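Structure, as structure tokens:
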């Protein structure tokens with residue numbers, strides 16, 4: 001998608017007090033689909049450099065229900081906390097559930113993961129790419145907000161590359177190290193092994209049977 005083909009329109013903003021401080025919540029529509037993307041803005045970010053920023057893709061299960069299958073909800077909460085401590089920042093909340101495949105297919109992918117697939121192979125088995133997200137809306141929202149450069153809170157190099165390609169200057173990557181536990185460890189392993197995520201994970205010790213079930217024995221990692 002060319003950035004020149006995409007149009008984002010800010011429809012409304014409203015004050016949003018939170019546990020981490022007061023934000024402005026802005027809703028954007030676009031000329032490509034019916035998705036309503038959001039921006040949470042704290043402080044004056046217009047014409048600012050090095051604005052603490054998180055590009056966050058919607059995760060209903062993690063963000064709303066507190067699912068332990070992923071680290072999405074934890075990343076969002078930590079980003080809110082860091083911005084609250086800084087007193088200035090932006091969270092761009094993109095409505096692209098399940099790495100862009102939607103909630104229905106995400107639930108189907110969960111069932112495949114429980115059968116031994118990793119997150120990449122589950123998406124592929126459903127006829128999707130491993131990651132179908134588009135970060136063009138995020139670049140356009142940051143431009144609309146007048147942000148000159150960002151300190152991007154992410155572990156995902158694809159986001160860094162996408163924003164750079166969109167002309168958004170990144171002065172620093174701010175890691176968001178997740179809490180690793182039994183329910184998300186294979187998910188995080190897959191992020192590192194197959195999606196290039198920049199994470200330091202503990203060494204995983206599993207039995208041969210467990211390895212086969214989780215895909216370590218058949219290349220599904």
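Coordinate-derived values only; no laboratory data. Since the structure is predicted, the reported quantities are computational estimates derived from the model, not experimental observations. Here the Cβ is made from the backbone with ideal geometry for all residues, glycine too, and neighbour counts use every protein chain on show.
Based solely on its DSSP helices, what 222 nm [θ] is calculated for the chain when runs of n ≥ 4 H residues each add -39,500 (n - 2.57) and the sum is averaged over all residues, nearest 500 deg cm²/dmol? Kindly include the intermediate steps, with their values, before the conclusion.
Numbers: 7 runs with 70 residues, N = 221.
Theoretical 222 nm ellipticity from helices: -9500 deg cm²/dmol.
Identify which of 202, 137, 157 has the largest mean-square fluctuation in a Gaussian network model of the chain, with springs joining Cα atoms closer than 10 Å.
Sorting by GNM fluctuation, first place goes to 202.
Among 106, 35, rank each residue by its count of other Cβ atoms within 10 Å, from fewest to most, as a rough exposure measure.
Numbers: 106 20, 35 15.
By the 10 Å Cβ count, ascending: 35, 106.
For the chain, take the longest principal axis of its alpha carbons; what is the angle in degrees between that and the long axis of helix 72-86, to the nearest 10 within 0 to 90?
Helix 72-86 sits at roughly 30 degrees to that axis.
Using a 10 Å cut-off around each Cβ, can you sort 52, 166 from fewest to most neighbouring Cβ atoms?
Ranked by crowding around the Cβ, least crowded first: 166, 52.
What whole-number distance in Å separates the alpha-carbon centres of the stretch 118-168 and the stretch 38-73?
Each part reduced to its Cα centre gives a spacing of 13 Å.
Return the label of the correct value of Cα extents along the principal axes in Å, as calculated from the structure shown, out of (1) 54, 35, 26; (2) 55, 35, 30; (3) 48, 40, 26.
The calculated read-out lines up with (2).
Enter the angle in degrees (range 0 to 90, nearest 10) between the Cα long axis of helix 103-114 and the first principal axis of the Cα atoms of the chain, meaning the one along which they spread out most.
Approximately 30 degrees, to the nearest 10.
Which order results if 67, 57, 86, 34 are arranged by neighbouring Cβ count within 10 Å, fewest first? Write down the numbers at each step before the final one.
Details: 67 17, 57 23, 86 14, 34 7.
Placing the least packed residue first, the sequence is 34, 86, 67, 57.
Taking 0.36 nm per intervening residue step and subtracting the Cα-Cα distance, what contour gain separates residue 33 from residue 18 on full extension? Working shown, then result.
Numbers: separation 15, 0.36 × 15 = 5.40 nm, distance 2.95 nm.
Full extension of this stretch gives 2.4 nm more.
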